[in-house]
Structure formats: C-alpha cells, structure tokens
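One structure is given below, encoded as structure tokens.
Where a number appears in this text, it was derived from the coordinates with a stated rule and is not lab data. Everything quoted here is computed from the prediction, not taken from an experiment. Don't worry about glycine lacking a Cβ; one is built from the backbone with ideal geometry, like all the others, and counts go over all protein chains shown.
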Amino acid sequence: MFKPGNTIKLEITDFAAGGVGLAKKNGFPIFVEGSAIGDVILAEITFAKKDFAEAKIKELITPSKDRCKPRCKHFPDCGGCSLQHISYEAQVDYKHRIISDTLSRTAKIDPSLILPMIPASSPWFYRNKIQLPFKRLKRDILMGYFKPGTHQVVDMDVCFVQEEELTRIARVIRGIIREFEVSIYDEDKRIGILRHLVVRGSNATGEMLVGFIINAKNLPFEKEIVKKIRDRFKNVVGVLVSVHQANTNVILGNKTKVIWGRDHYIDQLGDFKFKVSFPSFYQVNSKQTEVLYDHILKLAGLKSNDIVIDAYAGVGTIAAWVASRCKEVYGIEEIEEACFDAEENMQMNHIYNVKYGQGRVEEIFQEFKRLEIKSDVVILDPPRAGCSAEAIQSILKAKPKKIIYVSCAPPTLARDLKKFIDAGYTLKAVQPVDMFPHTPHIESVSLLC
C-alpha cells in the first residue's frame, strides 16, 4: 500500500509500545516516532510491510495539546530518552494505555484490573547509573548516548534524567581521557581500547563508582587517570575496569577488576542500606523503588508465619523490604556477585530470617523441593525477557498461595501472566509504577492468587 518516500497526511490517535504514535489510514497502522496523540502531521513513510508501516514527521500541521517544549538541548538526537516532547502528565496516561492494551490484547486481561499508574514524584535527575559509549571523531573524543537506531554517539554535556553528579563526573572523565589520548575502540575495525564509561552511585550516601569498559587487559595511564579522578572527586569510592574483548554489543565484560578503592558503593532505600557491586543489578530510580516496594507489600498482604521466596533477588532489596512481615525469606539469584552482596546486605541491616541460593530459578526450586521448603508467597522480579518456561513450571509445581510479579516489560508480563492464569491462578490486580520518566519503559507489580 505504501512505499518509503511516500508522504501522507495523518492524525495520531493512539500510542504504541516503544514510545511511538499510531495513526491509521483506512485501517492500516502507521507508527510515527516523535509524535503525540492528537498531532495532525504530514508524514514521510520510512519503512513499509504488508501489515504496517513506519514514518517520520515531515511537517507538524496541528500540534497535540499534550506537546511541550523538550528541556534538553540534545533531544531528540540523544537516545537517552524519547518522550520529552510530551508533558509528563500525558506520558503517564500514554504508558497506562500501553500496558492496558498489551495485557488485554495478549493475555485477555480485564482492563479494570490494571490500576492507575503511579507517577514519579520527581521526573528529572533520577537515574543512579549511566553507561556511555566513547567514539573518536577525527582528533576529538565523543562520549554520550547513541542516536536512536544507530551507533552514532551524540556528544553529551548535560542530561536531565540522570543524577547531576553522574553527569559532572562523566564530563570531567571525558576531559581526562582526552588529555591522555587513550585510544578509543572502533567497532568496525575492532581495534582500540576504551569502549564505555560506567558511573553508578547513590544520591542518599553520595558514594560513586567509576568503571571503564576496555578492549584490553589493562587501562593505559591507569595510575595517572585514577589520581586525577581521586583529586577531583572525593566521593568516588572505587575505580574499576571491565575487560571486554569480544565482538558483541553487550556492555560489561566477563572479567572486572578494581584498580583503586572498593568494588561497591553503599545506597540507602528507606531504613535499609545496601552494598551494590559494580556488575550487580540494581533499580536505577531509587526514590520510585521505595514506592514500588511499598506496593509489593500492599499486594502481598503478608502474614507473620508466611514463607516467602524472592526469585531474581539481586542484591536483596526486596527481601529486606518484606523480611520483617513474614517468618522466612529464601532468595534466589543467578549472579554470584549479587548473591554475595545480598548475604552481606542482610547482615549489614541485621536481618536474620533470609537465606540465599545461588543459581537459576528452576534449579533452586528443585533444591527447595528436595529440602521440603514450601512457599506461601513467591515474588518474581525477572529481567526484561521475563521468566523462562522452566522457571514458570518449577513455580507452578511449588503451588504457592500467591505470586507477586514485578515486571519492566509489558509484552513478557502478558506472556507470563497468561501462563499462570491458564494454570489456574487468578489475576487480582496490576499496579503500574512510573520508574523511568521521559522513556517508554513501564514497570509494574501484579498479584496472582
């Protein structure tokens, strides 16, 4: 019906996963990046198939009432966020539309079970972790996020979604790298050393970690670079390198080593302190994490004699949040460093009714069965890919009374909820929480009984 290069007048009537507007021409769906519901545009088709097309805005004829002026000068070229052109109130509404549509369409879930999305109290400067690729452009060194759909680095000196201290540290380190003329990795030629800069830390405690991802065994000018970082930033508690010599787009390498200081920082959530190692998973929005965890407690309705299994446990944040409300918590975590962190975090917070098993969820559930450990409540917080089929089967065999499912991806949430529902569980509620303002990412917590 359409070919790339065709121009067509469209009205955006809905919003789709990935943060793109949706228009229909005679029932044919056309997805338009950078649009908002209510926009009337002249669009240029950029990609077309038999059942859908993609387009870009060539002319904004009538702007949507939901539009606003983006705060960041790098928007929309920078891939760090994609919704700054939409007011925050409208973003929350759009995201609720997306999760409702995804769950009702894929898993036949009643939309009335999806509660209103909880917005962020502060939608700016919330990210506690940044991962920035380096790129050489002639004699200059660029550092920033990729332009959407490319590996073209947008040189960045300001960011309104990551904590300001992270940006300040990154800017200074870019200057240090320029000063020492460290070679930058070229992914086409597969030569060069420096691939990414990672900075993560805590706004609550002030502690920061700096990590260099390198295509070599050692970082050139290591001592000199560390000295300059230490002289400039007293809150940096550790500098690390992650050796990544494989030809993949995965950011972290298989081997991480400390070149100065500690391998972790300390964060605080609520009344708890947590040790977070460099490669460990940790929620990037600390303030909203507390909101999310409070709703886990609310939906779980724990009793003092309940046995809880915390699957995909990370560094133990959820376990710490629920431990005082139940008899025992058994955590499951596949990443060894995170499992060590979780055990230390329980000791640091004087929590003594939590134990950990290191391994895949389905493997540890088999071990629980052998040890005759029965669960009343299973809390799941899997990665974006969701639970494996084997993990779901192992949970179903354990027959918990309640399942709490924390998700960061509505499509895999819909897939997995359907499996639990088909096996006899009833979905009671889905509570979306906006953890990632100005991006299309959607977090939620669901209750199955």
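Each of V226, V377 was scored by other Cβ atoms within 10 Å of its Cβ. Listed from fewest to most, they are V226, V377. Extension gain for the segment A17 to D294, taken as residue separation times 0.36 nm less the Cα-Cα distance, is 97.1 nm to one decimal.
With only Cα atoms counted, segment 228-318 has Rg and Dmax values of 17.3, 53 Å. Run through the DSSP bridge list for the chain and note the antiparallel percent, rounded to the nearest 5. So the antiparallel bridges amount to about 65 percent of the total. Scaled against the 2.2 N^0.38 Å expected of a compact globular protein of N residues, the Cα radius of gyration of the chain reads 1.04. Derived value for segment 129-269: Kirkwood hydrodynamic radius 15.3 Å. Basis is the mean of 1/r over every pair of different alpha-carbon atoms. Calculated FRET efficiency, L396 to F180, Cβ-Cβ distance, R0 = 41 Å: about 0.15 to the nearest 0.05. In this structure, K3 and K223 have a Cβ-Cβ separation that, at R0 = 56 Å, corresponds to a calculated FRET efficiency of about 0.45.
By other beta-carbon atoms within 10 Å, ranking E443, E165 with the fewest at the front produces E165, E443. Evaluated at q = 0.21, 0.22, 0.23, 0.24 Å⁻¹, the base-10 log of the normalised Debye intensity for segment 7-62, with identical point scatterers placed on the Cα atoms, takes the values -0.64, -0.71, -0.78, -0.86. In segment 63-196, inverting the average of 1/r over every pair of distinct C-alpha atoms gives 17.4 Å as the Kirkwood radius.
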